[in-house]
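Novice: Dumping the structure here so I can ask a few things about it.
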Amino acid sequence: MNDYVIAEPTRSTLPVKGSKSVFPVRRVYCIGRNYAEHAREMGHDPDRDPPFFFQKNADNIITNGRFKYPVMTEDVHHEVEMIVGLKSGGKSISVADANYHIFGYGIGFDMTRRDLQQQAKNMGRPWEVGKAFEQSAPCGELIPIEETGIIEAGAIKLTVNGESRQDSDLSAMIWSVPEMISILSEYFELASGDVIMSGTPAGVNSVKPGDTMTAFIEGLGELTVFVD
Ligand code: MN
């Protein structure tokens, strides 16, 4: 037990289905443009873009179902994504070994201050102000892989106030979850507690205070988040 010189920061956690224990979050990795139709809607050619990654902060995760509309923006977008929690990690993990490191899967939102992200893109600047802000990662519970099995396909959907916004299938990912883990592990040393947000399908759009976002992923259930 360390004796800290200041108040100890709170560790971010995710609830786990069927358990009183929680999943401690170390890092949050996100993949960009992982569904071809979404890459196209953002003005890119999915066939020639290799995968790229960015990060959110662990403490950007919220699990109370209420997303407070952020400051410094007039255009906040929803991005529904399957999240993957790792129980272990390492360097240079092969695609064949990648699924071994998965603790479980869940539903998350990569909320994005799209106006700030676009400014950053235009000016060749980093994405943090658009992606890694307070409460930018509303998430649900992780479901252990022993219960779900390996997830490679299934519907992924998002409605806002009951109206369909995003509707695709996990099998439409350009880079599969094992490929993502393998490629990430070449750039970073992965470890237990890392969370990967696996990208969003087409249909991203704005939300406003008062909206109710409901995400559905086949095999993982539903996650409803209210925009405050
Ligand atoms: Mn995203």
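The values are calculated or read from the model by the stated rules, or taken from the named source; none is laboratory data. Keep in mind the model is a prediction, meaning the values are calculated, not measured. Glycine also receives a Cβ, built like all others from the backbone with ideal geometry; neighbour counts cover every protein chain displayed. When the accessible area is computed, the model is the full protein with side chains, heavy atoms only, and any ligands, DNA or RNA have been set aside. Shrake-Rupley method; radii C 1.70, N 1.55, O 1.52, S 1.80 Å.
Novice: On average, how much accessible surface per residue is there in the range 13-227, in Å², for a 1.4 Å probe, leaving out ligands, DNA and RNA?
Specialist: Heavy-atom SASA per residue in the range 13-227 reads 45 Å².
Novice: Less than 14 Å Cβ to Cβ from ASN57, Lys/Arg counted +1 and Asp/Glu -1: what total charge do the surrounding residues give?
Specialist: For residues surrounding ASN57, the net value is 0.
Novice: What does the charge add up to near ALA120, with Lys and Arg as +1, Asp and Glu as -1, over the other residues with Cβ less than 12 Å from its Cβ?
Specialist: +3
Novice: Shifting gears a bit: Of all the accessible heavy-atom surface of the chain, with the other protein chains kept in place and a 1.4 Å probe, what percent is carbon and sulfur?
Specialist: 49 percent
Novice: Which net charge results when you count Lys and Arg as +1 and Asp and Glu as -1 among the other residues whose beta-carbon is under 11 Å from that of ILE181?
Specialist: -4
Novice: Please work out how much length the chain gains when fully extended from ASN122 to ASN64, using 0.36 nm per residue of separation minus the C-alpha to C-alpha distance, in nm with one decimal.
Specialist: Stretched fully, the ASN122-ASN64 segment lengthens by 17.5 nm.
Novice: Which shape class, rounded, prolate or oblate, goes with the range 21-77 when its Cα gyration tensor gives a ≥ b ≥ c as root eigenvalues, a/c under 1.5 marks rounded, and past that a/b bigger than b/c marks prolate?
Specialist: In terms of gyration-tensor shape, oblate.
Novice: How large is the helix-only mean residue ellipticity at 222 nm for the chain, computed as the sum of -39500 (n - 2.57) over DSSP H runs with n ≥ 4, divided by its residue count, in deg cm²/dmol to the nearest 500?
Specialist: One gets -4000 deg cm²/dmol as the mean residue ellipticity at 222 nm.
Novice: Could you work out the relative contact order of the chain, using alpha carbon pairs under 8 angstrom and six or more residues apart, expressed as a whole percent?
Specialist: Dividing the mean separation by the residue count of the chain yields 31 percent.
Novice: Could you work out Rg/(2.2 N^0.38 Å) for the range 13-227, with Rg from alpha carbons only?
Specialist: Scaled against compact globular proteins, the figure is 0.94.
Novice: Could I ask something else about it? Can you give me the relative contact order of the range 29-142 as a percent, contacts being Cα pairs under 8 Å and 6 or more apart?
Specialist: 32 percent
Novice: In addition: Please work out how much length the chain gains when fully extended from GLU37 to PHE226, using 0.36 nm per residue of separation minus the C-alpha to C-alpha distance, in nm with one decimal.
Specialist: Taking GLU37 through PHE226 to full extension adds about 65.4 nm, to one decimal.
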